[in-house]
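Participant: The following block contains the structure, expressed as structure tokens.
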Amino acid sequence: MSVTHISKIKAKYFGRLLTRQIASGRLLGNVSVIYERVPPHTQLPTIYHRRTTELIYCLRGTVTACLGGRRHRLRGGSLVILPPGVRHRFETKDGACECLSLFFPSLMISKKADIHKESR
């Protein structure tokens, strides 16, 4: 059992994207949970996962999700499920957006992670 506050979990930055790995494979089986915060006026690069399914739950704020070539406006309460291979990126305007992402199989935040930038 564990009780903590999200701010006490070590942050890692990928450009302007802040992430905090809440749980990884050992705790939840083969699932990982990552908190993500996209600051205002940010456009993240297009990425995809070769083997990992991602479930994104928008906690608060608003973000435009570009998913497989289509744009979707997400806000608190929105849920997205991305199968492997779906190209995706996120953009914010005037406010930040906070999300929880669940990855299956588990995704460890590292240089060897199943996170691939789309080449232009």
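All of the numbers you see were taken from the coordinates with simple rules; none came from a lab. None of the values given here were measured: they were computed from a predicted structure. Methodologically, a virtual Cβ is constructed for each residue, glycine included, from the backbone with ideal geometry; neighbour enumeration extends over all protein chains shown.
Participant: Exactly which trypsin sites (Lys or Arg not before Pro) in region 1-72 are in a DSSP loop and have at most 15 other Cβ atoms within 10 Å?
Facilitator: Sites meeting the loop and neighbour criteria: LYS10, ARG16, ARG50, ARG51.
Participant: Quick one: the Cα spread of region 56-96 along its three principal axes, in angstroms, biggest first?
Facilitator: That works out to 28, 18, 12 Å along the principal axes.
Participant: Please build a GNM for the chain, connecting alpha carbons under 10 Å apart, and tell me which residue among VAL80, VAL33, VAL63 fluctuates the most.
Facilitator: VAL80
Participant: Something else: Evaluate the Kirkwood expression for the hydrodynamic radius of the chain, namely the inverse of the mean inverse distance over all pairs of different C-alpha atoms, and round to one decimal in Å. Could the numbers behind the result be given before it?
Facilitator: Working: mean 1/r = 0.0686 Å⁻¹.
Roughly 14.6 Å, rounded to one decimal.
Participant: Further question: Given a cut-off of 22 Å, name the pairs among LYS8/LYS117; LYS12/LYS112; LYS10/LYS111; LYS12/LYS117; LYS10/LYS117 whose C-alpha atoms lie farther apart than that in the structure shown.
Facilitator: Pairs exceeding the cut-off: LYS8/LYS117; LYS10/LYS117.
Participant: Please give the contour-minus-distance gain from SER7 to TYR57: 0.36 nm per residue of separation, less the Cα-Cα distance, rounded to one decimal in nm.
Facilitator: Values: separation 50, 0.36 × 50 = 18.00 nm, distance 1.86 nm.
Full-extension gain reported as 16.1 nm.
Participant: Which length gain, in nm to one decimal place, applies between VAL86 and CYS66 when the Cα-Cα distance is subtracted from 0.36 nm times their residue separation?
Facilitator: 6.2 nm
Participant: Tell me what the chain gives for mean residue ellipticity at 222 nm when only DSSP H runs of n ≥ 4 count, each as -39,500 (n - 2.57), the sum divided by the residue total, rounded to 500 deg cm²/dmol.
Facilitator: Calculated mean residue ellipticity at 222 nm is -500 deg cm²/dmol.
Participant: Another one. Which three semi-axes in whole Å describe the equivalent ellipsoid of region 36-105, each the square root of 5 times a Cα gyration tensor eigenvalue, listed largest first? If you can, show how the numbers build up before the last one.
Facilitator: Details: eigenvalues 72, 34, 19 Å².
Three semi-axes, in Å: 19, 13, 10.
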